[in-house]
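We did not get these values from a lab; they are worked out from the coordinates using the rules stated. The structure presented is a predicted model; accordingly, all values stated were derived computationally and were not measured. Backbone-built Cβ (ideal geometry, glycine too); neighbour counts: all protein chains shown.
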Amino acid sequence: MSNHLIHASSPYLLQHAENPVDWHPWGEEAFARAKAEDKPVFLSIGYSTCHWCHVMMHESFEDPQVAEVLNRHFISIKVDREERPDIDSIYMKAAQVMTGSGGWPLSVFMTPDQAPFYVGTYFPKEPMGRFPGFVDLVQGIGGLWKSDRDRLEAAAWELAGALRSMAPRRRKPSGIDLEAKALGEHRKHFDFTHGGFHDQPKFPMVANLRYLLGVYGMTGNREALEMVEKALDGMAVGGIRDHVGGGFARYATDRRWLVPHFEKMLYDQALLALVYAEAYGATRKPLYRQVAEETLSYVLRDLRGPEGGFCTGEDADSEGREGAFYLWTRKELEELVPEGEREDFFAVYGVTPEGNFEGGNILNLLSPEGRDCMEREPDRYKSVLEVLRRVREARPRPFRDDKVLLGANALLVCALATAGWILEREDWLEEALALDRFLEENLKGPEGRWMGTYRKKTAAVKAFLDDHAYLLWAKTLLLEATGEERFLEEGWALASKIVELFGPEGGGVFSLIGRDQERLLDNPRELYDGALPSGNGLLSQLLARPAWGWEEMAKSLAAHVEGELEQAPMGFPGALLGRMASRGGGCEILCLGDPRSPELQAMAREAKCRRPVLGTLEYRKGEGEPELQVCEGMACHGPFRSLEELTEHFDKKGK
């Protein structure tokens, strides 16, 4: 028998529509019922490609006995975090306050007024080690609601107050050298052996890599570039990269990047393709071009949706186990790899009889033979890998979440536009333009209000701050890649709408939730860069551009958060870049002439590659032959009328 999720559009909610748990979607009806029946609320937040979400569903939510206990004591609500990042943000902070960590599935016990009093993540059905059993937990909290409600409500409102106090505050800066401290923090947490930050699990942390790449571009700091290259090289050889089909898993569970958590998200592909393309422009390292090309080829081949736009991601699980789609036994490979290449292939890709993950082999290039092959003969096994890809296509494929997210698709526009322009792939630039048109035609409401999700020809859920920030970034990069004036007009209008919907009164940090959206327990003002860049951090960079007319707003944002940045600069790389931009630490590249001129495009591309991340392009009409000026460090240089002149200028500066 179906529950209240049966008419949802979210694939994640639909996965739970036949559960015996009487799930409700988030909304007034569920909370009104909780008040009428005098029950607390159980809120479960997850997403369709989340491995542990599936585990908890199979163990508990599909179990009639567990459902009976949950239905008796609680009104249960399911939320897709990708549709409602506002709800997820609030209650994830609650988890971090209560437990010191977070993750998905996010399990929240709260009052009918949405105030949480107990928060956790995955709970097994029965007690297991340090984890309480879910059934015991539900019964215990249900009993407390009846016997000691005052204590639960007091705890709930105390926690709610703590959440509201967590917004970035304006602190008086101490006057320290923030750039030096930020670089020192990155150095302190960097793994100079395997690349990347921290120990394990290990995430790509693209925002931090782009910060370091920007620092290198503007200062020539070789240590910053070394960290970027070491991280990109580590991911490129590791099992986190799909060497057969292209693309990246969400993170690695180990320090060496060998064992991935196999789910593949659109936003990760977009951000990683972007930074590999930017790094290629800065270093001309062929590996980075190859990785960017293979990553975008995977997206264009496997994540393209049936209605246009690109799907959210692919699950880690298939055939009932994690990673089954991606693993190979040695016996399978012996039948597929030509005999004369077999032993060398096994040495290069780390194939052994026992495997490196649950009896199977995750292909990787971590061995000395693999690294040598990557450097000297990157295409040596291209035909073999294509055979493996075609064979793999016949396997049961992991579930694909086919909803189209505005934010993730805007990030893909950024990647396609940047990689298409830097790598001179006109086909990718055309893909970027086509995707931008799709978003304009399908996710923009009749009154110009952007919507966050699209599925089955229906757009839903008003878009949030981060969605708008990613879209403004996409318009900016399309303007730089094409010089088309329509992107200048669209970007200006979008920047104004962002300030209108999300901007703070009198300057400061922007709100995640727009003024025309549902009021919740809190209105988060996020600055932290996680797997996705912070909208505030990105806006501190984008609004600093004269083209959008909001330079003073950008300066106000940067000034408001400077004291916050001093506390933990590594957590806010986007805002650090914004601070540099608002203080004249970027590079303005002025292009005079027809943007379609091959000569002007070649010069603009060279200048942008020499000044990655913090280099900004502006096109102006000019008479005569095309020319380019470079303004940085309180001085303008040029005009340059040939690529040779421009290259000589940068070479003399040493970066």
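The amide H of GLY585, built 1.01 Å from its N in the peptide plane, has no neighbour under 5 Å, considering only residues 5 or more places off or on other chains. For TYR619, the amide hydrogen comes within under 5 Å of the amide hydrogens of CYS591, counting only partners 5 or more places away or on other chains and with H modelled in the peptide plane.
Before rounding to the nearest 500, sum -39500 (n - 2.57) across all DSSP H runs of length at least 4 in the chain and divide by the residue total; then give [θ] at 222 nm in deg cm²/dmol. Present the calculation step by step, with values, prior to reporting the outcome.
On the way: 25 runs with 320 residues, N = 655.
-15500 deg cm²/dmol, from helical runs alone.
For a label point 7 Å from the Cα of LEU336 along Cα→C-beta, name the residues of the stretch 348-386 whose backbone N is under 12 Å from it. Label zone hits: 361-363, 384-386.
Working note: Karplus 6.51/-1.76/1.60 with θ = phi - 60° gives the stretch 63-72 the couplings 8, x, 5, 5, 4, 4, 5, 5, 5, 6 Hz, where Gly and Pro are set to x. Ordering ARG397, ARG596 by the number of other Cβ atoms within 10 Å of each residue's own Cβ, fewest first, gives ARG596, ARG397. Relative to the dominant Cα principal axis of the chain, helix 222-237 is inclined by about 60°.
Here the gap between GLU648 and ASP372, fully extended at 0.36 nm per residue and compared with their Cα-Cα distance, gives a gain of 96.0 nm. Label sites at ARG380 and ARG515, each approximated as a point 7 angstrom past Cα along Cα to Cβ, lie 6.2 nm apart.
Which FRET efficiency value, to the nearest 0.05, is calculated for LYS457 and ASP150 with the Förster distance at 45 angstrom and r the Cβ-Cβ distance? Before the final figure, lay out the partial values.
Working: r = 49 Å, r/R0 = 1.10.
Calculated transfer efficiency: 0.35.
Counting every pair of alpha carbons in the stretch 326-393, the share spaced more than 20 Å apart comes to 22 percent.
Cα convex hull of the stretch 497-615: mean projected area in nm², to one decimal? Dividing the Cα hull surface by four gives the mean projection, 9.3 nm².
Summary of the geometry: the stretch 193-216 and the stretch 97-114, compared by the centres of their Cα atoms, lie 29 Å apart.
In nm, what is the difference between 0.36 nm times the number of residues separating MET128 and ARG583 and their Cα-Cα distance?
Working: separation 455, 0.36 × 455 = 163.80 nm, distance 5.32 nm.
Value of the extension gain: 158.5 nm.
Magnitude of the charge dipole for the stretch 370-421, about its Cα centre and with charges confined to Cβ atoms of Lys, Arg (+1) and Asp, Glu (-1), is about 240 debye. The mean sequence separation of alpha-carbon pairs under 8 Å and at least six residues apart, normalised by the residue count of the stretch 56-208, gives a relative contact order of 17 percent.
If the viscosity is 1.002 mPa s and the temperature 20 °C, what translational diffusion coefficient in µm²/s does Stokes-Einstein give for the stretch 587-653 when Rh comes from Kirkwood over Cα pairs? Kindly include the intermediate steps, with their values, before the conclusion.
Numbers: Rh = 11.6 Å.
So the translational diffusion coefficient is about 185 µm²/s.
Note on THR329 and SER2: with the Förster distance fixed at 41 Å, the Cβ-Cβ geometry gives a FRET efficiency of about 0.55.
Evaluating kT/(6 pi eta Rh) at 20 °C and 1.002 mPa s, with the Kirkwood radius of the stretch 11-164 over Cα pairs in the Stokes-Einstein relation, gives 140 µm² s⁻¹. Note on ALA347 and SER174: the extension gain reaches 56.9 nm, defined as 0.36 nm multiplied by sequence separation minus the Cα-Cα distance. For the chain, taking a cut-off of 4.7 Å between Cβ atoms, the unpaired cysteines are CYS311, CYS373, CYS414, CYS587, CYS591, CYS609.
Rounded to the nearest whole Hz, the Karplus-based 3J(HN,Hα) values (6.51 cos²θ - 1.76 cosθ + 1.60, θ = phi - 60°) of the stretch 466-476 follow the sequence 4, 4, 5, 5, 5, 5, 5, 4, 4, 4, 5, with x at glycine and proline.
Under the convention that each Lys and Arg Cβ holds +1 and each Asp and Glu Cβ holds -1, the size of the dipole of the stretch 587-653 around its Cα centre is about 260 debye. Between GLU158 and TRP492, the distance separating the two model label sites (each 7 Å from Cα on the Cα→Cβ line) works out to 5.4 nm. In order along the stretch 257-271, the phi-based Karplus estimate (6.51 cos²θ - 1.76 cosθ + 1.60, θ = phi - 60°) of 3J(HN,Hα) comes to 6, 7, 9, x, 8, 5, 4, 10, 9, 4, 5, 5, 4, 5, 5 Hz; Gly and Pro are listed as x. Label separation (ASP594 vs MET634): 4.0 nm, computed from points 7 Å beyond Cα along the C-beta direction. Show log10 I(q)/I(0) for the chain at q = 0.06 Å⁻¹, two decimals, from a solvent-free Debye sum over equal Cα scatterers. Cα-only, vacuum Debye calculation for the chain: -0.34. The amide H of PHE117, built 1.01 Å from its N in the peptide plane, has PHE109, MET110, THR111 as neighbours under 5 Å, considering only residues 5 or more places off or on other chains. Note on ASP199, ASP302: ascending count of other Cβ atoms within 10 Å places them as ASP199, ASP302, the fewest first. Centre-to-centre separation between the Cα atoms of the stretch 255-295 and those of the stretch 153-188: 31 Å.
Take the Cβ-Cβ distance between LYS35 and VAL391 as r, set R0 to 45 Å, and report the resulting FRET efficiency rounded to the nearest 0.05.
Details: r = 56 Å, r/R0 = 1.25.
Here the calculated transfer efficiency is 0.20.
For the chain, the longest principal axis of the C-alpha atoms and the axis of helix 551-567 are separated by about 60°. Relative to one another, the C-alpha centroids of the stretch 607-623 and the stretch 308-335 are positioned 42 Å apart.
Where does each of TYR288, TYR381 land when they are ranked from fewest to most other beta-carbon atoms within 10 angstrom?
Working: TYR288 24, TYR381 20.
By the 10 Å Cβ count, ascending: TYR381, TYR288.
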